Amino acid sequence: MLSSIHIKDFAIIEQLDLDLQSGMTVVTGETGAGKSIMVDALSFALGARADSAVVRNGAKRAEISAVFDISKLKPVQKWLEEQMLDEEEDCILRRVINHDGRSRAFINGQPVNLTQLNELGDFLVDIHGQHEHQSLFKPQIHLQLLDRFADLTQDTSQLREISKQISTISTKLTSFKESLKDKNDRRDLLTFQLEELEKAPIDRAKDIENDHKRAANASKLLEQGQQSLMALHENDDNLASQLGRIIHIISDMQQMDQGVTNTHDLLQSALVEIEEASHELRDYIEHLDIDPAEFQQLDQELTLLHDLARKHQVTMVDLPETKQAIEQELEQLSGDEQTFDELEKELEAQQSKYHKIASKVSKERAKSAKNLEKQVVKLMKDLGLGNGVFEVALNPVDKETYKSNGLETAEFMVSTNPGQQPQPLRKVASGGELSRISLALQVINAQTIQLPTLIFDEVDVGIGGGTAEIVGKLLADLGKKAQILCVTHQAQVAAQGHQHLMVAKSQDKKSTQTELQELGTEQRVEELARMIGGVEITETIRNHARELLN
C-alpha cells in the first residue's frame, strides 16, 4: 500500500508531506483548490510523461516521492529482485522534473528509466479518472474491460503476439509468391550458365593461354632458339669455346698469382651454366614442334574462354570464381524454396495455436459476459437506474482474419427506459446515466484487480443524494480489500472514508499555494457541512453532517 507521499514545488504545491492509512481515504476541498493535484503528482511518480509546466512557478525543479509498503506484495518483491532494485520492506519511487522539461526517475535510490517506473507502477496502483466514462464511447474499450473482468489478460496477450507472428509470416509468404516466377527464371538462367562453365576448361585458362601463345609463335621461337644455341655452343666461335680459352689463360695467370683464383672459379661456374643452358635450349627446340590439330584445339578453347569472360564481364582467370558465385546463388534459391515450405508449416502451426487459444477465450468471454451483465444491472439499480438493462453483445469476426483481439468484438448495449430495446451505449445513454454506468463498471473492475492501491479521482461526478451514499458504501467496501484513495465533492461519499484529507488554497499578491491537512472528527463535520451547502452553515446542517458520519 501507499504509505506516504512527498511533493515539493509541483504545480501550486510548495511542499507537502502526507502519511496515508489503509482502508478508504477521501480527499475533499472547494472547487479549484487542487484536489486532484496529489493524484497527478502520484501519476508522475509512477512514470507518466511530464513537462516543465508541472514545475511550480519560480522553482528550479519539482520532486515527488512515494513510499510503498511491499512486505506482503510478492510480485513486487520478485520484480525488484529481477531488476536488482530490491531493498527493505518499503519501496521508494522518486521523480525529479526540471524546469527545462527534463526528468529523472529513481527506484530505491537507483536511477531507472520511465519504462521500468511504469512496469513497477502497474503492480502498485490503479487510477480511475473523472473522465473515464468518455472512453465508453469506444467499443474497443468494452472488450478490454470484459477481458480484464474475465481475467483473460495473459491469454489475450498471447493472442496478440500470435496474431502479430501470423501477419509477419503471411507478409513474407506473399512476398515469396510474388517473386517466385522471377526466381524460377533466374534459376533457369543460372543453371544454363553453370552448365556452360562446367563444360569449359576454366581451371586451365592460364595454361591454355600460354600454350596457345607458344604454338602461334612456334616458327619464330624455333628460329631464335637455334640462333641462340649456335651462339652458345654450336658454331666455330661459340660462347662456350671463347669462355674455355679465357679460363685457360686465367689458369696460367693463377700459377703466377693466386689473386685471380676467385675470377677463375666464377668463370668456371659460368662455363658450367652455359653448358647446362645449352642442353636445356637444345631440349626445348627438339620439343617445340606443334601439331596443327593441337593448335586448333587450343585456339577453340581460348576463343571459348574469351567469350565466357566477356559474357560474365570478368577476366579468364576469374571464371572459376564466377562459377562458384553462381553455385552459391543457386543454392540460396533452393534454400528460399525450403524457407518457403518451412514458413508455410510455421504459418499452419501458428494458425492452429491461434484458434486453440481464441476458442478458449471466446468461451470465457461468453460466460463472463453473462456474469458482468448481472453485476452491472445490480449496481445500476443501486445507483438509481432501476429500470436499466445492460447487455454485452459479442459480435463474431471472420476466423481467417486472425485478429489480435480474437474471434469477436464486444459492445455494451443498454436500455434505461422500460420497454426500450438495448442499444449501443454510445447512442442512448445521457451524461448522467453514462457516468453511473461507468462508475458501476469501474467498481466491478476494481474488485477484479489484485492491486494494493486504487485511486478514484472524482468518479462520482453527476450523482448525488442517496445514490452518492451508495457509491460511498461501495468504495468503502472496496477499502476492506485494498487501499482506496478517493477524490470527491460529494459529502455522502466523503463521510464513508476511514481517513479524511482536506485541500485548501491560499493566495497572496505573489503566489498561490495548496495545502492539505488530515481532519479530526469535528473538522470533518465542518467540512461535510460545507459540502452539503447553504449560504450559511447552520447547526441543522452540522447535525446532518454528523448523521452522515455516524
Q | In sequence order, calculated HN-Hα J values of the stretch 160-168 (Karplus, 6.51, -1.76, 1.60; Hz; x Gly/Pro) | A | 4, 5, 5, 4, 5, 5, 4, 5, 5
Q) Roughly how big is the stretch 242-392's charge dipole about its Cα centre, with Cβ charges of +1 (Lys, Arg) and -1 (Asp, Glu), in debye to the nearest 20? A) 3180 debye
Q. Mind listing the phi-derived Karplus ³J(HN,Hα) values for the stretch 368-379, rounded to whole Hz, using 6.51, -1.76 and 1.60 with θ = phi - 60°, and x for any glycine or proline?
A. 6, 4, 4, 5, 5, 4, 4, 5, 5, 4, 4, 5
**Q.** Among Gly244, Leu266, Ala105 - extreme Cα towards positive end, dipole of the chain, charges at beta-carbon
**A.** Ala105
Q.
Loop-only trypsin sites (Lys or Arg not before Pro) in the stretch 79-120, please: DSSP not H, G, I, E or B, and at most 16 other Cβ atoms within 10 Å.
A. Arg102
Q.
Within a 10 angstrom radius of the beta carbon, how do Asp40, Asp17 rank from fewest other beta carbons to most?
A. Asp17, Asp40
Q: Give the residue from Thr31, Gln15, Ala66 lying farthest towards the positive end of the charge dipole for the chain; charges sit on Cβ (+1 for Lys and Arg, -1 for Asp and Glu) and the dipole is referred to the Cα centre.
A: Thr31
Q. Any idea what the dipole of the stretch 455-548 comes to, in debye rounded to 20, about its Cα centre with Lys/Arg Cβ at +1 and Asp/Glu Cβ at -1?
A. 160 debye
Q.
I'd like the Karplus ³J(HN,Hα) series for the stretch 341-349: coefficients 6.51, -1.76, 1.60, θ = phi - 60°, whole numbers in Hz, and an x wherever there's a Gly or Pro.
A. 5, 5, 5, 4, 5, 5, 4, 4, 5
**Q.** Dipole magnitude (debye, nearest 20) for the stretch 179-335, charges at Cβ of Lys, Arg, Asp, Glu
**A.** 680 debye
Q: Holding the Cα-Cα limit at 31 Å, pick out from Lys403/Lys480; Lys367/Lys481; Lys367/Lys403; Lys370/Lys399; Lys72/Lys473; Lys199/Lys345 the pairs that are longer than that.
A: Lys403/Lys480; Lys199/Lys345
(Q) Counting pairwise Cα distances across the stretch 179-335, what percent come out greater than 21 angstrom? (A) 66 percent
Q | Positive dipole terminus of the chain, leading residue within Ala494, Gln165, Phe340 (C-beta point charges) | A | Ala494
Q) For the chain, what is the percent of antiparallel DSSP beta bridges, rounded to the nearest 5? A) 70 percent
Q) In whole Å, what are the Cα extents of the stretch 33-172 along the three principal axes, biggest one first? A) 55, 38, 35
Q) Between the stretch 141-183 and the stretch 405-426, what is the C-alpha centre distance in whole Å? A) 27 Å
Q: Take the chain, compute every pairwise Cα distance, and split them into 10 Å bins from 0; I just need the percent in each bin.
A: 3, 12, 14, 14, 11, 7, 6, 5, 5, 6, 6, 5, 4, 2, 0, 0
(Q) I'd like the FRET efficiency for Glu178 and Glu294, computed as 1/(1 + (r/R0)^6) with the beta carbon distance as r and R0 of 45 Å, rounded to 0.05. (A) 0.25
**Q.** Residues with amide H under 5 Å from that of His500, placed H, sequence gap 5 or more
**A.** Val26, Leu519
Q) Where does each of 526-533, 76-83, 149-156, 492-499 land if you order them by average Cβ count within 10 Å, highest first? A) 492-499, 526-533, 149-156, 76-83
**Q.** Where only alpha carbons of the stretch 361-459 are counted, the Rg and the Dmax (Å)
**A.** 14.9, 44
Q) For the chain, what is the mean residue ellipticity at 222 nm derived from helices alone (per DSSP H run of n ≥ 4: -39500 (n - 2.57); sum divided by total residues; nearest 500 deg cm²/dmol)? A) -18500 deg cm²/dmol
Q) So what is log10(I(q)/I(0)) for the stretch 56-132 at q = 0.13, 0.15 1/Å, when the Debye sum runs over its Cα atoms only? A) -0.45, -0.58
(Q) Please enumerate, by chain and number, the lysines with C-alpha under 19 Å from the C-alpha of Lys8, excluding those fewer than 8 residues away in the same chain. (A) Lys35, Lys60, Lys505, Lys510
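Rule-based calculations on the coordinates, nothing more; no lab input. Every value quoted in this text rests on a predicted model; they were computed, and no experiment measured them. Cβ atoms come from the backbone with ideal geometry, glycine included; neighbour counts cover every protein chain shown.
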